[in-house]
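To keep things clear, I will list the structure first and then write my remarks on it.
Bear in mind that the values in this text are calculations on the coordinates, not laboratory data. None of the values given here were measured: they were computed from a predicted structure. Using ideal geometry, Cβ is built from the backbone for each residue, glycine included, and neighbour counts are taken over all protein chains shown.
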Amino acid sequence: VQLVESGGGLVQPGGSLRLSCAASGFTFSGFEMNWVRQAPGKGLEWVAYISSSGTTLYYADSVKGRFTISRDNAKNSLSLQMNSLRAEDTAVYYCARGWASDWGQGTLVTVSS
Amino acid sequence: DVVMTQSPLSLPVTLGQPASISCRSSQSLVHSDGNTYLNWFQQRPGQSPRRLIYKVSNRDSGVPDRFSGSGSGTDFTLKISRVEAEDVGVYYCMQFTHWPRSFGQGTKVEIK
């Protein structure tokens, strides 16, 4: 199992960013997926969930209406579209498989002017 | 929302001695399907989290048997029978029963 996040970087408040997670080593279409984030020096925070088919979505209240989780099972890829970014969204973002059995290495998002 | 409360938040341990971390939830974690979806994770310094235990007491593949999980309802425990140097890090509980999912604050395990 391998999960590789990308797309992080520095963005201004109010800006947008799209994170990706490339999955390999397992049947991606058979697993639900999650995004989890960790602000610098802080604990883990669950962000979003998508079912294996992509039809069921859940979000943390802190990102609801601003973030959109999606997946492309044909490309073994998970995405997180982040809009209206705030300073408090600064964190390392991890994709995690299923009940978080496997995690990527994370990608850092910094929201700052 | 379900609040997960861990204690202690800091745990200095002597090598070879046992360690225990408590995790309490504000609501029962028994799912309507009868399962209890409580996981434990380890995060070593500078690394991604790693799942140790799923559904309260099931050890993941490759996890040393000195780690064990127990509990039911709202009260759960992670035990390390004999702490080794590689066990240093932060440990989190997380519930997968209710939406939104939630983590405990984390317990930092360090060697005395």
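Structure above, values below:
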| read-out | value |
| --- | --- |
| HN-Hα J in Hz across the range A:96-109 - Karplus 6.51, -1.76, 1.60, θ = phi - 60°, x for Gly and Pro | 9, 8, x, 7, 6, 6, 9, 10, x, 7, x, 9, 8, 10 |
| D_trans [Stokes-Einstein, Kirkwood Rh over alpha-carbon pairs] for the protein assembly as shown, 4 °C, 1.567 mPa s, µm² s⁻¹ | 72 µm²/s |
| Those GluC sites (Glu not before Pro) in the range A:1-107 that DSSP places in a loop and that have at most 15 other beta carbons within 10 Å | none |
| DSSP-defined beta bridges in chain A - what % are antiparallel, rounded to 5 | 90 percent |
| Semi-axis lengths, Å, the range A:40-100, gyration tensor of Cα atoms, sqrt of 5 times eigenvalues | 21, 14, 11 |
| Above-threshold pairs, the threshold being 20 Å between Cα atoms, out of B:LYS55/B:LYS79; A:LYS42/B:LYS108; A:LYS42/B:LYS79 | A:LYS42/B:LYS79 |
| Rg/Rh for chain A, where both radii come from Cα atoms and Rh is the Kirkwood radius | 0.94 |
| 3J(HN,Hα) from dihedral phi, the range B:42-48, Karplus parametrisation 6.51/-1.76/1.60, rounded to Hz, x for glycine, proline | 10, 10, 6, x, x, 10, 6 |
| Charge tally in the Cβ shell below 11 Å around B:ILE111, where Lys, Arg are +1 and Asp, Glu are -1, B:ILE111 excluded | -3 |
| Net charge dipole size for chain B [Lys, Arg +1 and Asp, Glu -1 on Cβ; Debye, nearest 20] | 100 debye |
| Ranking of A:ASP72, B:ASP33 by count of other Cβ atoms within 10 Å, fewest first | B:ASP33, A:ASP72 |
| Loop-resident sites, the range B:5-112, for GluC sites (Glu not before Pro), counting at most 14 other Cβ within 10 Å (DSSP) | B:GLU84 |
| Reciprocal of mean inverse Cα separation for the range B:1-69 (Kirkwood radius, Å) | 13.8 Å |
| Debye intensity ratio I(q)/I(0), log10, the range B:26-112, q values 0.23, 0.24 Å⁻¹ (C-alpha model) | -1.17, -1.26 |
